[in-house]
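Trainee: Supplied in structure tokens, the structure appears directly below.
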Amino acid sequence: MTSDRDRRLLLTLAREAIRAYVGTAPAGVPAPSAVLDEPGGAFVTLHKHGELRGCIGHIEPNEPLGNVVTRCAVAAATSDPRFPPITAEELQQIDIEISLLGLLQPIHGPGEIEVGRHGLVVEHGWQRGLLLPQVATEWKWDADTFLAQTCHKAGLPRDAWKHGAKVFRFEAEVFGEPA
């Protein structure tokens, strides 16, 4: 579990990276912290008035968390193909949420999924889809629907997990502004 101080640091890092990118402030240099150097996977989700405005992440824990959060924050603000880039004017209306990903665990079906606790990754060949744990809760999905929707997000048939697609679950530590 990440400390409140580390959560605030990661949220500040994400916001400052976006502010620097849209030109409202120079990029800050964070104070040294062990959490920034830890390898980790993370997703940065942006909301505007409670509605999704961008979400980009990095799954594998193969880079320092400080780099992952910075890069994903800028990408969520500028490169999520579902949305136009965030403007400097709307940045004040954006709330940031960070999901720190736990390790991926292979599973075989919906019986191994706890809605609200687990996120999912489905992959088959080059196709891969991920849904964070909070998505199933927000949409009030059961485990079967959550798995089918993750297959769909990967661009696969909703029952691809029965036909050779690999399925992984993970836990995530989710926190947002204000932290």
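Trainee: Within the range 139-179, which residues are surrounded by fewer than 15 Cβ atoms within 10 Å (Cβ to Cβ), modelled with pLDDT under 95 and of a type in the set (D, E, K, R)?
Mentor: Scanning the range 139-179 gives no hits.
Trainee: Could you list, in sequence order, all residues of the range 137-179 that are assigned to a strand (DSSP E or B) and within 19 Å of His108 (Cβ to Cβ)? Give the derivation first.
Mentor: Step one: list which residues in the range 137-179 are assigned to a strand (DSSP E or B), which gives 166-176.
Passing the criteria: Lys166, Val167, Phe168, Arg169, Phe170, Glu171.
Trainee: Still on this structure, please answer the following. Is one or more of the residues making up the range 30-44 modelled with pLDDT of 95 or more, under 17 Å from the mean Cα position of the chain (by Cα) and among the aliphatic types (A, V, I, L, M)?
Mentor: yes
Trainee: Next question, about the same structure. So Ala88 ticks every box in (1) open to solvent by 20 Å² or more (accessible area, probe 1.4 Å); (2) touching a strand residue (DSSP E or B) at 6+ places or on another chain (Cβ under 9 Å); (3) among the aliphatic types (A, V, I, L, M); (4) touching a residue at least 60 places away in the same chain (Cβ under 8 Å) but one. Which box is left unticked?
Mentor: Single failed check for Ala88: (2).
Trainee: Based on what the data block shows, is Glu60 under 18 Å from the mean Cα position of the chain (by Cα), over 24 Å from Glu138 (Cα atoms) and modelled with pLDDT under 95? I'd like the intermediate steps shown before the answer.
Mentor: Values: under 18 Å from the mean Cα position of the chain (by Cα): yes; over 24 Å from Glu138 (Cα atoms): yes; modelled with pLDDT under 95: yes.
Here the answer is yes, as Glu60 does meet what is asked.
Trainee: So which helices (runs of 4 or more DSSP H) stay within the range 1-80 end to end and still have 2 or more residues that are acidic (Asp, Glu)?
Mentor: Details: elements: 4-22, 34-37, 65-78.
Per the criteria, 4-22.
Trainee: On to the next question. Those residues that are among the small types (Gly, Ala, Ser), in a helix (DSSP H, G or I) and open to solvent by less than 60 Å² (accessible area, probe 1.4 Å), I need them from the range 98-136; list them, please.
Mentor: Within the range 98-136, the subset among the small types (Gly, Ala, Ser) is 99, 102, 109, 111, 116, 119, 125, 129, 136.
From what's left, in a helix (DSSP H, G or I): 111, 136.
Result: Ala136, single match.
The values are calculated or read from the model by the stated rules, or taken from the named source; none is laboratory data. Since the structure is predicted, the reported quantities are computational estimates derived from the model, not experimental observations. Please note: Cβ atoms are built from the backbone with ideal geometry, for glycine as well, and neighbour counts cover all protein chains shown. These accessible areas exclude ligands, DNA and RNA; they are computed on the full protein's heavy atoms, side chains included. Shrake-Rupley method; radii C 1.70, N 1.55, O 1.52, S 1.80 Å.
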